[in-house]
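The values are calculated or read from the model by the stated rules, or taken from the named source; none is laboratory data. The structure presented is a predicted model; accordingly, all values stated were derived computationally and were not measured. Ideal geometry is used to build each Cβ from the backbone, glycine not excepted, and the neighbour counts take in all protein chains shown.
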Amino acid sequence: MAHYDYDSFDIRDYSLIIPVPLHPIRLRKRGFNQSVILARHIAHRFSLPLDFSALRRRVDTVPQVNLGKTERGKNIKGAFEVVCSEKIRDQKVLLVDDVYTTGSTVRECTRTLLRGRAKEVAVLTLARA
């Protein structure tokens, strides 16, 4: 992801990289957040700031993997919050996730970031299911 040349956009146009957060309980069980790992490489390659604390998953939702599109949207609604809106105010945010399935998670993150006064949010994912 960090070394790919994208035709549709330039990563350098963004001012802040934010990975999709895991709930702390899931993070403890898994031991890592794959979105943070991907975002860290992108931030390093393009010398952009990475903030993995500005967006927080406040609800420990049921894993999305076995849910349909409608259930995924309901499951994830309200699950995220901006911790400090000053960190994202007027920023062009590149939101990084590992897998895009129905888009429910990144849509909810995007809504949350825009409500927190981000200027713009683009989504970059490693894979599409």
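Structural remarks
- Test: residue in the range 19-37 that is modelled with pLDDT of 95 or more, in a strand (DSSP E or B), more than 18 Å from Arg128 (Cα to Cα) and touching a helix residue (DSSP H, G or I) at 6+ places or on another chain (Cβ under 6 Å): no
- Pair list, Cβ under 9 Å, 6 or more apart: the range 38-50 residue in contact (Cβ under 8 Å) with a residue 40 or more places away in the chain, other residue surrounded by 14 or more Cβ atoms within 10 Å (Cβ to Cβ) and of a type in the set (Phe, Trp, Tyr): Ala39/Phe52; Phe46/Tyr14; Leu48/Tyr14
- For the range 48-95, filtered to residues that are hydrophobic (A, V, I, L, M, F, W, C), farther than 26 Å from Asp13 by Cβ and modelled with pLDDT of 80 or more, the residue that is surrounded by the fewest Cβ atoms within 10 Å (Cβ to Cβ) is Val59.
- Candidates in the range 1-18 are the residues that are in a loop (DSSP other than H, G, I, E, B) and of a type outside the set (Phe, Trp, Tyr); of these, the one that is farthest from Arg128 (Cα to Cα) is Ser15.
- Residue pairs whose Cβ atoms lie under 7 Å apart, separated by 6 or more positions or on different chains, with the first residue in the range 91-112 and of a type in the set (Lys, Arg) and the second surrounded by fewer than 21 Cβ atoms within 10 Å (Cβ to Cβ), are Lys92/Asp13; Lys92/Ser15; Lys92/Lys119; Lys92/Glu120.
Yes or no, residue by residue, for (1) under 15 Å from Met1 (Cβ atoms); (2) among the polar types (S, T, N, Q); (3) within 14 Å of the chain's Cα centre (by Cα):
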site	(1), (2), (3)
Arg45	yes, no, no
Leu48	yes, no, no
Asp51	no, no, yes
Asp98	yes, no, yes
Arg107	no, no, yes
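- Val96 vs. criteria part of a strand (DSSP E or B) and closer than 23 Å to Asp60 by Cα: yes
- Residue count for the range 25-36, restricted to those that are surrounded by fewer than 16 Cβ atoms within 10 Å (Cβ to Cβ) and touching a residue at least 12 places away in the same chain (Cβ under 8 Å): 2
- Candidate set: the range 119-129, residues that are without any contact (Cβ under 8 Å) to a residue 40 or more places away in the chain and of a type in the set (A, V, I, L, M, F, W, C); chosen: the one surrounded by the fewest Cβ atoms within 10 Å (Cβ to Cβ): Ala129
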